[in-house]
Amino acid sequence: MDAKHLSRRTFMAISAMGAGLLSTTSSLDGKEEPKIQGFEQKQTQVDTGQVWKPVSDRKIKVGIVGYGCCKFGAMFGYQDHPNVEVVAVSDLIPDRCAGLAVACRCKKTYPSLEEMVKDDSIEAMFIATDAPNHVNHVVKAMEKGKHVMCAVPAVWGNLEEAERLLEAVKKSGKIYALNETSAFRDSAYSSRIIYEAGGFGKMIYTEGEYFHYFSKAIESYLGWRIGLPPQWYPTHSNAFYTCVTGGSFTEVSCYGHKCSIEQFQPKNNPYHNPFGSEVALLRTSEGGMARMAVCWDTAGGGTESGRNRGELGSFDNAYSGNQEGQKIVQKLNLKKPALPPGMQAGYHGGSHAYLTLDFIDSILLNRKPCVDIIKALNTTVPGIVAHLSALKDGENMKIPQYRL
């Protein structure tokens, strides 16, 4: 099996086969929703001594696309940001489009992304559509001069897509950001501050886990989630290295677990994927090591978590280190900054509003977002190579490197 992209036409051909695998707790009309791991409301560490100050009085005109079973289009607080005006929304399913408009307090709707990008009043877009079409949709938006925040992963099982996306971003000159929630979970946020200050020294070992039990597939557009290869969705775990250090993975050996769950039988999913879990051992660009696990078939509580161990110190919910490391870290403020009035930190470890805040500030200040195009590719592509390694019983494989 190779990593070729599955088009909408391909998904339409297999959607009837996959319909029987959809979760009975979800429905297309949105009246019933599945219980999705990661959407628990949790406390996040915010510096309550700070007051949010706007970097500009300008309002960015934003268009939002996608209101599927996760309701992502309205879940990241664009409608509550003082520097944002949500001017249009879109979803292919009319009822969902209407629901997104209500949630975002927006009157203008479009029947498709393809129609929305023609609206010259829109400066930036949040694209929360089906993963197999992320690159197609981002490219269309950027060709029309829009800044883009895109849901994860950046590309879908295809190394050629990575080059296409990178070229589109470079050609547009616009800001691209990946909506990777783990980047703003407390542990990764704190670790990033510590790393940048030198509190880890060289990072020797990182672990990341994305455990999300899929006994039945979550409802998805044209069934794209049915039997998806675990390491094609690697960003929630890989981010605990790439979004902490800014580094990359250079090579990988990965093993997969063949399970008895129906959707992970190759004949029952469009990817011919046999694995319910894939665990990768990776070499990092610092010469260190990482273990990144993505598991769909391990029952129990879900998690998107990670930890880091460096020459000077380690972080696993809290920092501990030698005298040199502690001297550096004790001077740091590891709490997140204050949010704008009316914005809530949100789900996925209180990351939602911070991703939106970072994206909007990157436009207003003309700076790189936290998870820019290079970090997005260096977080996503290793999983594509890892799945190929698992299909070859753990063969060690080199990972493409991306730079501007």
Using packing as a proxy for protection, rank 81-93, 367-379, 52-64 so that the peptide with the highest average count of other Cβ atoms within 10 Å comes first. 367-379, 81-93, 52-64
Explain nothing, just the number: relative contact order of the range 69-124, from Cα pairs under 8 Å at least 6 residues apart, as a whole percent. 31 percent
With every protein chain in place, the accessible area of E196 for a 1.4 Å probe, in Å² rounded to the nearest 10, comes to 140 Å²
How much of F184 can a 1.4 Å solvent probe reach, expressed as accessible area in Å² and rounded to 10? 20 Å²
Interchain or long-range residues, amide H under 5 Å from C259's placed H: G276
From DSSP H assignment alone, runs of 4+ in the chain each adding -39500 (n - 2.57), the sum over residues rounded to the nearest 500 puts [θ] at 222 nm at -8500 deg cm²/dmol
Counting only pairs 8 or more residues apart or on different chains, how many lysine pairs in the range 116-210 have their Cα atoms under 19 Å apart? 14
Cα-based Rg then Dmax for the range 74-217, in Å, read 17.7, 52
Leaving out ligands, DNA and RNA but keeping every protein chain, what accessible area does L332 have, in Å² rounded to the nearest 10, with a 1.4 Å probe? 50 Å²
Counting only protein chains, not ligands or nucleic acids, how are E209, E324, E115 ordered by accessible area (probe 1.4 Å), most first? E324, E115, E209
Which of the peptides 255-268, 231-244 is most tightly packed, and how do the rest follow, judged by the mean count of other Cβ atoms within 10 Å per residue? 231-244, 255-268
Please report the relative contact order for the chain, taking Cα pairs under 8 Å with a sequence separation of at least 6, and give it as a percent rounded to a whole number. 23 percent
How much of the DSSP beta bridge set in the chain is antiparallel, as a percent to the nearest 5? 55 percent
Of [x] 26, 47, 23, 4, 0; [y] 22, 48, 26, 4, 0; [z] 28, 61, 11, 0, which one was derived for P(r) over Cα pairs in 20 Å bins from 0, in percent from the structure shown? [z]
Hey, any idea what % of the chain's accessible area is carbon plus sulfur with a 1.4 Å probe? 51 percent
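The values are calculated or read from the model by the stated rules, or taken from the named source; none is laboratory data. Worth saying up front: this structure is predicted, and the values here are computed from it rather than measured. Note that each Cβ is placed from the backbone with ideal geometry, even for glycine, and that neighbours are counted across all protein chains shown. With ligands, DNA and RNA removed, areas are computed over all heavy atoms of the protein, side chains included. Shrake-Rupley method; radii C 1.70, N 1.55, O 1.52, S 1.80 Å.
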